[in-house]
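The values are calculated or read from the model by the stated rules, or taken from the named source; none is laboratory data. Since the model is a prediction, treat every value here as computed from it, not as a measurement. All Cβ positions, even for glycine, are placed from backbone atoms using ideal geometry, and neighbour counts span all protein chains on display. Side chains included, ligands, DNA and RNA excluded: accessible areas come from the protein's heavy atoms. Shrake-Rupley method; radii C 1.70, N 1.55, O 1.52, S 1.80 Å.
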Amino acid sequence: MRGGGVERALLRMAEGWLRAGRRVTLVLGSDEGPLAAEIPEGVELIQLGDARYSALFGLEDHVRTLAPDLIFCPGNHYSAVAAHTRFRLGRAAPPIVAKVSNALVRPEQGAFAAWAYRRWLRLHPRFLDHVVAMTPAMAAEAIAEMRMPADRVSVIANPPATARADAAPVALPSGRYIIGVGRLEPQKRWDRLIDALARTDDRAVQLVILGEGSMRAKLEAQIAALGLSGRVSMPGHAGDPLPALAGAAVAVLTSDYEGVPGVLREALSVGTPVVSTESSVAVREIITSAMLGSVIAREDSEALVAALDRWLDPSAVRPDPVAAQGDSNAEYLALFDRLVAQRSR
């Protein structure tokens, strides 16, 4: 519960499933962190402990005791736990559904890491009954990289973010600002955005990065070295980033890799243009027009500066808000019910 798009999306799903009358048990490494305040009332909690071995070897006992109808794995990071549980329980395991939360093709990996990652992905059909991708392109990537049969892959978007009245307000600059939302971790490459800020035409625009993580000290050192201490703020995790996104001149994502970055959809839902690295096959499924934002190569620093200058220009036209389509919670429950019914035949 320390913060992250995967976990936040899961909590929105759990809330929707509870409203639909389902029983939801959430198995956690730890309930400590800012997202703990967003755990919906009515969710049953089980804590296994932070250590990876606790998760690997602890879940199977709870599955035996609870006898759940289905296990949902909310992202790539957790699939090892699903694999271990399947292999330990065998045919006694309920159906396991996993969501693809991060890119399955990782250009930043070295040759050996990429080879090992591909080998791991191709084991997934052995322990997953079904995979959910958030866009058609991500589904195609799952079929290609996991070798998952197409009839075992569905496309269901994350439920949209909604305003949270109980969230503490974020301190924002009085003037124009660029916003980044995401964990302060190496994957997000906020160093690219900080470097670009120093080279934009608008030397008064400020930068706000919402999130927390292990890179804070390095990013603070970079900010100081570039003389940007008066222009960059990193206030930490935000319980509700929508107001900050709505007030920004442009929202920026500079990641090496992503799944389907929710922050891009959140920004567009409030009419804020976006700039993103081509960190996922899904990026261009979200930024479908030059009227919505700009997509740039991951390592093209000049293109990043140019994109920022474009959207910071006083003549830039903000896009109309892009509303979410469909009822993803209902789509998930229909999938779950179908898989459970198939298992019971």
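The alpha carbon convex hull volume per residue for segment 63-112 rounds to 91 Å³. According to the Kirkwood relation over distinct C-alpha pairs, the hydrodynamic radius of segment 193-345 is 17.2 Å. Per residue, the Cα convex hull of the chain amounts to 138 Å³. Note that segment 92-176, at 37 °C in a medium of 0.692 mPa s, gets a Stokes-Einstein diffusion coefficient of 212 µm²/s from its Kirkwood radius over C-alpha pairs. For the chain, a simple Cβ point-charge model (Lys and Arg +1, Asp and Glu -1, everything else neutral) yields a dipole of about 960 debye relative to the Cα centre. Between residue 191 and residue 22, the C-beta separation translates, for a Förster distance of 45 Å, into a calculated FRET efficiency of about 0.60. For segment 126-174, the alpha carbon convex hull comes to 163 Å³ per residue, rounded to a whole number. Of the trypsin sites (Lys or Arg not before Pro) found in segment 130-189, the ones in coil according to DSSP and having at most 16 other Cβ atoms within 10 Å of their Cβ are 147, 164, 176. Rounded to 0.05, the FRET efficiency of the residue 318 and residue 117 pair, given R0 = 56 Å and the Cβ-Cβ distance, is 0.90.
Candidates 197, 160, 230 compared by Cα position along the dipole of segment 154-255: farthest toward the positive end lies 197, with charges placed on Cβ. Each semi-axis of the equivalent ellipsoid for segment 159-238 is √(5λ) with λ an eigenvalue of the Cα gyration tensor; in descending order they amount to 22, 16, 11 Å.
Computed over segment 6-99, the convex hull of the alpha-carbon atoms projects to a mean area of 5.7 nm². Taking the protein heavy atoms of the chain in the context of the full set of protein chains, the accessible area attributed to carbon and sulfur is 54 percent at 1.4 Å.
Taking every protein chain into account, the accessible area of the chain amounts to 46 square angstrom per residue (probe 1.4 Å). Note on segment 198-291: with charges restricted to the Cβ of Lys and Arg (+1) and Asp and Glu (-1), its dipole about the Cα centre is near 240 debye.
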